[in-house]
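The values are calculated or read from the model by the stated rules, or taken from the named source; none is laboratory data. The structure displayed is predicted, hence computed values, not measured ones. Here the Cβ positions follow ideal geometry from the backbone for every residue, glycine too, while neighbour counts run over all protein chains shown.
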Amino acid sequence: MSLLRFTNKGIYCKKGDFYIDPWQPVDLAVTTHGHADHVKWGNKAYLCHDLTKPILHQRLGIDLKIETLPYNKQIDINGVKLSLFPAGHVIGSSQIRLEYKGEICVVSGDYKVEYDGISTAFEPVKCHTFVSESTFGLPIYKWHPQDLIFSQIKSWISNNHDQNKTSVLVAYSLGKAQRLLKGLEGYSSIYVHNSIANLNEAFIRAGVDLPETIRITADTKKEDLQKGIVIVPPALAEGRWIKNLINGSTGVCSGWMQVRASRRWRSADAGFALSDHADWPGLLSAIKATQAEKIFVTHGFTATFSKYLNEIGIDSEEVKTQYGNEEEEEKIEEQPTVKEDLS
Amino acid sequence: MRRFTELIQQLEMSNKTNDKIAALVSYFNEADELDKPFVIAMFTGKKPKRPVNTSLIRQWATELSGIPDWLFAESYHSVGDLSETIALVLPPAEHLTNRKLHEWINDLAGLHSKDEDDKKAFILNAWNSLETQERFIFNKLISGNFRIGVSNKMLVNALAKQSDTDANKIMHSIMGKWEPTEITYNDLVGGAHVNTNSSWPYPFCLAYALEMEPSSLGQPNEWQAEWKWDGIRGQIVKRNGELFIWSRGEELVTAQFPELHFLVDELEDGTVLDGEILSVKDGNVQAFSILQQRLNRKTINKVQLNDAPIGFYTYDILEYQGEDLREQTMAFRRNLLEKIISQIEKKDIIVLSPVVSFDRWEQLAETRQGARKINSEGIMLKKLESLYHAGRKRGDWWKWKINPYTVDTVMIYAQKGSGRRANFFTDYTFAIRDGDKLITIAKAYSGLTDKEIKEVNSFVVKNAIEKFGPVRTVKPELVFEIAFEGIAESKRHKAGLALRFPRIARWRKDKKADEINTLEDLRQLLTSTLANS
């Protein structure tokens, strides 16, 4: 493969002289999506989807040089044709399609194949070389349809209401939180942590249609939270803040919740296997749909997944990258303590 | 089956005891009558004979899911539970059924007489008619290993609440001998079966570890001190001409200890003794490592009988002439016990565990320092006025253990954990120094905080030298103090030694790898423990 190289700074396109999702500062960082393990501070310029721009500003600061593209529009960088295709992972997430002298490579970043109601649906792109994740690249990860999971979440919430408990859903600020908003729209008033509220506002300014939410402030009353639904990022899931609520009950929304041991480890009261990554059948169908001759697996169960692909006759290789830790890297400021209602 | 699956989900969804008890109570209020005794049997570890062996189940699941064996193995490693792995890798069920739990269990029991093809047809059909969570439960029914975080005590408390019955009585009932196929829930909870049954033991009275100064317990003359023995807690029951030996794990272990069988002629009907099963030779208690040769064996040979002869150190009497003595004081029971034991022959096998006399706490503290010399773990303190409680109750019985042995080691291998620890290097192998070589001495995976685990994990990632499958050889740099309860010779380990209950006491960031203990240090320790017996 001449078009892409895996270097110690990131995935490099030599012909075009740009990097895709580099983890060290470079001149031009083509960015698949706004999660912290895929985009770092310090690059001279960024190129990403229109809707990833507000995320970068929100997370990395306003003093950034960002070029944007819509999906399916081709541009030329030093002779390399570049275009973006929806990856279905979070709002604005893109697969990067590169073409040079008839050779086509697609770098998918993170993706899922099920439409989540809020991120543009994944679109398979035919190519010679496909760079894939494998976060859930084991056959134990097979997601239930989103509708079923949302009905489980709703019945959990209504159970909590009956028992006078406060429902706290734990979800990444970018992606999962907005997906929850959409899925729970109109069900109850939704209170969100600052980090989620800030991103939501950025999305709304960029023209994304999001359900109404209430930002949690020092003036928010515990009683109101108990009647509604609270969404917080993972960093807050086990803190004092939740203990301070009325009978807080936490429900973690993550693909890892598929396995009982993970549910127990997170010491959550409930776990919902709602993921923004492709499950095992999703990874396989996406890869087959590209009809690629070569698959590079960048993060997740890379060794296992790539060994399996080779066994079923798809040429595959694992590569070392620094992706795959979107949860760990999310830095969260403290949330103000919620007041008792003294009235 | 659905209601039971729902119960399991509720039990797993909360880590609060009250929530779990509430879930159990509502289950026993609503569940099918015939299902209930089976659920109690499962939760108390009564295992039916496994109808299909594990390797066949695993083979069929792998076949059906269309994945290679190695991929199944990887999945299993990640999940950490075979039943769950199978439930997750199978293709979705095609036709759901809702059969009752006891119907499934009875059908599984009926498989024993069937040939392999019939067994396979049944299992595959079951998998195809159950959704993921139910499949997991079904697989657990096959294996019989139902460990779901419900202790006997918790179950008993729930049953007591549900049936408005005294918890001690329920503990009796469910610990006795009964078959879920032969008893109704009401009879079981009401204890209808226990009167006609001579084997039932009493729930053991358990002690809490003493973490404060003993002087805070009050006056020495209110307390009885005994040696704390390091063996198997046991209860000897003699009723209706039969002798039964129960272990703390509520298992009948009568057959394992023929040395004690003579008691059937010595003890009166309606006698129950509490004490410790130990290896005793020439009047001395031997190290636990020696007793271990006698445990969990189907047959015992002459060498074992000779090397590790059994003795019973008794310290309590719970029943005499058929009368329950648990409401009597410790002082009363001790007095009676002394009289009864004095009339028994073979005093080298049935031994009255001696009372350690003391006037002042400081004096007892000094005596306690000599515990290791007689293969004791420390001192037991029992209030003279105390009754015999069911289970653990704070205040009347305390174990005042001597500190564990410790050894400084260096970490040389790390492996990712399974299940909840699957994403971190959490299982470590430690080595001591033997000349200029390092030699492995223990494997341990508990004792660090989550923060330390993350720190060690990142050390392993950065300092891995070699990769053998899931195992990483790491630069020998991190020093850990390993605590352990005993030491034994072992042919299986390179060092020729094995540590008992090794665990990480602390991470010695202040020490360097050249400051760790040597093999010679541990050999000396072994020699000194064996010399005690």
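A few notes on this one:
- Candidate set: region B:59-94, residues that are facing chain A (nearest Cβ under 7 Å), of a type in the set (S, T, N, Q) and more than 13 Å from A:Thr304 (Cβ to Cβ); chosen: the one surrounded by the most Cβ atoms within 10 Å (Cβ to Cβ): B:Thr85
- Checked against (1) under 22 Å from the mean Cα position of the chain (by Cα); (2) more than 14 Å from chain A (Cβ to nearest Cβ); (3) of a type in the set (D, E, K, R), B:Lys20 meets all criteria but (2).
- So B:Ala109, is it away from every other protein chain (no Cβ under 14 Å) and under 28 Å from B:Glu30 (Cβ atoms): yes
- Hits in region A:162-190 (condition: crowded, with 23+ Cβ neighbours inside 10 Å and of a type in the set (A, V, I, L, M)): A:Val168, A:Leu169, A:Val170, A:Ala171, A:Leu174, A:Ala177, A:Leu180
- Set B:Val471, B:Val461: member being surrounded by fewer than 15 Cβ atoms within 10 Å (Cβ to Cβ) and more than 28 Å from B:Ala287 (Cβ to Cβ): B:Val461
- Within region A:279-317, tally of residues that are within 25 Å of A:Arg5 (Cβ to Cβ) and outside any helix (DSSP H, G or I): 15
- Only one of the listed residues (B:Gly370, B:Gly435) is over 20 Å from B:Lys509 (Cα atoms), in the same structural domain as B:Gln328 (by TED's automatic domain parsing) and more than 25 Å from the chain's Cα centre (by Cα). That residue is B:Gly370.
- Enumerated strands (runs of 3 or more DSSP E) restricted to region B:362-445, each holding at least 1 residues that are hydroxyl-bearing (Ser, Thr, Tyr): B:376-383, B:405-416, B:425-434, B:437-444
- Only a single criterion out of (1) in a helix (DSSP H, G or I); (2) touching a residue at least 24 places away in the same chain (Cβ under 8 Å); (3) more than 14 Å from chain A (Cβ to nearest Cβ); (4) more than 21 Å from B:Tyr27 (Cβ to Cβ) is not satisfied by B:Ala121, namely (2).
- Among (1) within 14 Å of chain B (Cβ to nearest Cβ); (2) within 26 Å of A:Asp147 (Cα to Cα); (3) not acidic (Asp, Glu), the one test that A:Gln226 misses: (1)
- Once region A:243-264 is narrowed to residues that are within 14 Å of chain B (Cβ to nearest Cβ) and surrounded by fewer than 19 Cβ atoms within 10 Å (Cβ to Cβ), the residue that is farthest from A:Ile216 (Cα to Cα) is A:Arg264.
Every residue, every condition in (1) assigned to a loop (DSSP other than H, G, I, E, B); (2) farther than 16 Å from B:Tyr315 by Cβ; (3) basic (Lys, Arg), yes or no:
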{"position": "B:Trp200", "(1), (2), (3)": "yes, yes, no"}
{"position": "B:Ser216", "(1), (2), (3)": "no, yes, no"}
{"position": "B:Arg233", "(1), (2), (3)": "no, no, yes"}
{"position": "B:Glu259", "(1), (2), (3)": "no, yes, no"}
{"position": "B:Val264", "(1), (2), (3)": "no, yes, no"}
{"position": "B:Ile290", "(1), (2), (3)": "no, yes, no"}
{"position": "B:Gln293", "(1), (2), (3)": "no, yes, no"}
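- Any hit, region B:40-52, residues being more than 16 Å from B:Ala126 (Cβ to Cβ) and touching a Pro at 6+ places or on another chain (Cβ under 6 Å): yes
- Across region B:344-361, the qualifying residues are those that are part of a loop (DSSP other than H, G, I, E, B) and either without any contact (Cβ under 8 Å) to a residue 12 or more places away in the chain or more than 24 Å from B:Leu278 (Cα to Cα) (or both), and the one among them that is nearest to the chain's Cα centre (by Cα) is B:Lys347.
- Some residue of region B:272-292 being without any contact (Cβ under 8 Å) to a residue 24 or more places away in the chain, over 18 Å from B:Ser342 (Cα atoms) and not aliphatic (A, V, I, L, M): yes
- Residue within region B:401-415 that is closer than 30 Å to A:Ala261 by Cβ, under 27 Å from the mean Cα position of the chain (by Cα), surrounded by fewer than 18 Cβ atoms within 10 Å (Cβ to Cβ) and touching a residue at least 12 places away in the same chain (Cβ under 8 Å) present: yes
- When restricted to residues that are over 19 Å from A:Ile231 (Cα atoms), within 14 Å of another protein chain (Cβ to nearest Cβ) and either out of contact with any helix residue (DSSP H, G or I) (no Cβ under 9 Å at 6 or more places or on another chain) or surrounded by fewer than 13 Cβ atoms within 10 Å (Cβ to Cβ) (or both), region A:115-161 contains 2.
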